[in-house]
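Report on the following structure.
Taken together, the values in this text are just the output of simple stated rules run on the coordinates, not laboratory data. Keep in mind that this is a model prediction, so the values were computed, not measured. Because the Cβ atoms are built from the backbone with ideal geometry, glycine has one as well, and the counts that use them run over all protein chains shown.
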Amino acid sequence: MKQSLSVRVLGNLTLAVTIIFSILPFVSMFSAAVQPQGSMPHGIQFTAHPHWENFAAAWKVANITPLLISSAILVLVVVPVVLICSAMGGYAMGSLHVKGGWIAYGLLFVGLTLPFEVLVTPLYYEIQSMGLLNTRWALILPMIGLNMPFGMVWMQAYFSQMPKDLIEAASIDGANHFRIFRSIQLPLVVPALSSLGILTFLATWNQFLLAVVLIDDPTKRTMAGALQSFVGQYSTDVVLLNAGSLLIMAPTMILFIFLQRYFIKAMLDGSVKG
Amino acid sequence: MSTHLTNRRRARSVSASRAADALPARGRSLSSTLAGWLFLLPGLAFYLVFVFWPIIQTAWYSFYDWNGIDASTWVGVKNFVKVFTDPVLLGSIGHSFYLVIFFSLIPIVLGMIIASLIRDIRAKAVSTFAQVCLFLPRVIPGAAAAVAWTWMLAQDGIVNQMLSAMGLGEHATSWLGNQHTALTSVGVIGFWLQLGFCIVLLSAGIGGIDKSLYEAASIDGAGWWSQLWHITLPGLRGQIAVCLTMTVVAALASFDVVFMATQGGPGYSTMVPGVMVYRLAFTQNRVGLASALALVLMVLVLLVVGPLQRLVQGKEEA
């Protein structure tokens, strides 16, 4: 049953307007970023000779190289640890139905919709007393903890859908819990794990508040956190500011466009189940 | 081969479960409980040390007057009284509720309408392209969105340029720098962040609604609005609850966007609890007061999210 023609025309029209609205800020940034350096750009203007070299200049002043390395280190530590811990915890709660598991589940549930502002102050003093302030660990350790509620609850949901006789059969075959987990159950939840990986990557890469509070040196922060010091320094230079900000956004945008199918699936599933 | 193996396993599992029954029950459950908690331990440890313990401490700090360095003094509920009486602090909470209109209500209502308008658009290429565009605001960091919009809303930005083009040049202003327009402008940024996501999520939900319901309604002569009201809306209860949960939390706990776009200014006109907590704790060294405000924020979020969660769960049972 098709909707009427007028509704379809209206639908296409609103969709087009919404799409334009969604990408307008990027177009406006790009337009400013390719104007001559030192000029005062106006809104969106067409340029016959875009100044691509602005991006090279912004790459230098925004310290993109160390930032990319720093963010990559963060993600490469945080994401695997979150995946392993979530899978193990989810297995214990969802498959083993461990006694007292509801306590763990309840504790984690509190953290699901937690505003980070609630814990950032004590976290600062905790990290300080550990002597980790201004090191990468100051961000890595809390980021793992902050991803645990969602990760473990998410994996728990998948493990609890697993057929029971699979575990029983294996345990008779003499496999211990770890082997059952590793060779039988884990391969079955790979799709859930890959979605969780994407969501954890985004949450870590885009983390702002903790990066700003816990690390002074912008080159050790996340890309998002580094934006704060960059904007602070170049707030008056509209051209360079926009070029640099685009560069800081670029990695996630490029990754998203290449892997869009997986990103969109992960984000939709993640919101519904989480 | 794998089916073969599974069958063999299954066949064995019958005799196996019998054998398991024969084992002393307590010994088995004790060892498996122990194993289970060993599996839980690493993740739970990270969570307890870096999330749960700080929350407990926030609650603890909130009853003290502490500058972060010297000894702290117990002040009872004085900090909470201050949160609910101080115009700046109370105002920041009010602002965050005002932002709910833009982060949450408008994107969801508009998202519903747009999603049901594009119900028939199934062309793969169009929908993929549209989804990528609509999701972009959600993929970039909120701080980056604030930078992009700061430029859009600047005196020389595209918004004023468009106003001039429409002959409304006299309304042009520095949107984020003007006391009267700043908070609404922050709301517009939030609207931009949330709209696309709501459309895609609600659109996916509409895809799951039984098509025959719409056919039957059309035959009965039900118009577009009445279909929206009687079929789409009830069918999307779960998705709407999800959208509400995510966007309301984003509004109440907003930090990135406000911090980058206005820092809470001009004056305190865009101050929200998140930025206020940061300012109190890290620039004014009033840790106790910051903790009290943070705790109030957490309770507010839970009060809003709790009933919404029930709505989601109610849908799953149905």
Kirkwood hydrodynamic radius over Cα pairs of chain A, then Stokes diffusion coefficient at 10 °C and 1.306 mPa s, in µm²/s:
73
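Apply the a/c threshold of 1.5 to the C-alpha gyration tensor of chain B and tell me whether it is rounded, prolate or oblate. Present the calculation step by step, with values, prior to reporting the outcome.
Working: a/c = 2.36, a/b = 1.15, b/c = 2.05.
Judged from the Cα gyration tensor, chain B comes out oblate (a/c at least 1.5, b/c at or above a/b).
Summing Lys, Arg as +1 and Asp, Glu as -1, what charge do residues with Cβ under 12 Å from the Cβ of residue A:71 carry, residue A:71 excluded? Don't skip to the end; give the middle numbers.
Numbers: positive: A:136, A:220, A:221; negative: none.
That sum, taken over residues with Cβ under 12 Å, equals +3.
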Under the rule rounded for a/c under 1.5, else prolate if a/b exceeds b/c, else oblate, using alpha carbon gyration tensor axes a ≥ b ≥ c, segment B:196-270 is classed as prolate
More than 12 Å apart: what percent of Cα pairs in segment A:3-49 qualify?
68
Provide the net charge surrounding residue B:63, with neighbours chosen by a C-beta distance below 14 Å and charges set as Lys +1, Arg +1, Asp -1, Glu -1.
+2
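From other protein chains only, count the Cβ atoms within 10 Å of every residue's Cβ in B:153-163, then give the mean. Display every interim value, and only then the final one.
Numbers: counts 1, 6, 2, 6, 7, 11, 3, 2, 5, 3, 0.
That works out to 4 on average.
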Projected onto the charge dipole of chain B (+1 at Lys/Arg Cβ, -1 at Asp/Glu Cβ, origin at the Cα centre), which of B:29, B:76, B:181 gives the Cα projection farthest towards the positive end?
B:29
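Would you list B:224, B:192 from fewest to most Cβ contacts within 10 Å? All intermediate terms of the calculation are to be shown ahead of the outcome.
Values: B:224 17, B:192 21.
Neighbour counts put them in this order, fewest first: B:224, B:192.
Around residue B:263, with a cut-off of 14 angstrom between Cβ atoms, what is the net charge of the other residues, counting Lys and Arg +1 and Asp and Glu -1? Can you show the working numbers first?
Working: positive: B:279; negative: B:256.
Spelling it out: positives minus negatives among the neighbours equals 0.
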Hey, can you list the DSSP H helices of chain B whose Cα span along the axis is 30 Å or longer and whose average Kyte-Doolittle score is at least 0.5?
B:25-47, B:182-207, B:287-317
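Please say if segment B:96-219 is rounded, prolate or oblate, where rounded means a/c under 1.5 for a ≥ b ≥ c the square roots of the C-alpha gyration tensor eigenvalues, and otherwise the choice is prolate for a/b larger than b/c and oblate otherwise?
Working: a/c = 2.18, a/b = 2.17, b/c = 1.00.
Here segment B:96-219 falls in the prolate category.
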So, in Å, what gap is there between the alpha-carbon centers of segment A:26-95 and segment B:137-158?
14
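In debye to the nearest 20, how big a dipole does the protein assembly as shown give about its Cα centre with +1 on each Lys and Arg Cβ and -1 on each Asp and Glu Cβ? Mind showing how you got there, number by number?
Numbers: 32 positive and 23 negative charges, 370 e Å.
I would put it at about 1780 debye.
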All Cα pairs of the protein assembly as shown, percent lying beyond 49 Å
15
Alpha-carbon centroids, segment B:55-113 and segment A:227-252: separation in whole Å
30
With every atom except the alpha carbons ignored, what do you get for Rg and Dmax of segment B:234-318, in angstroms?
16.1, 51
Highest-first arrangement of A:242-253, A:6-17, where packing means the average Cβ count within 10 Å
A:242-253, A:6-17
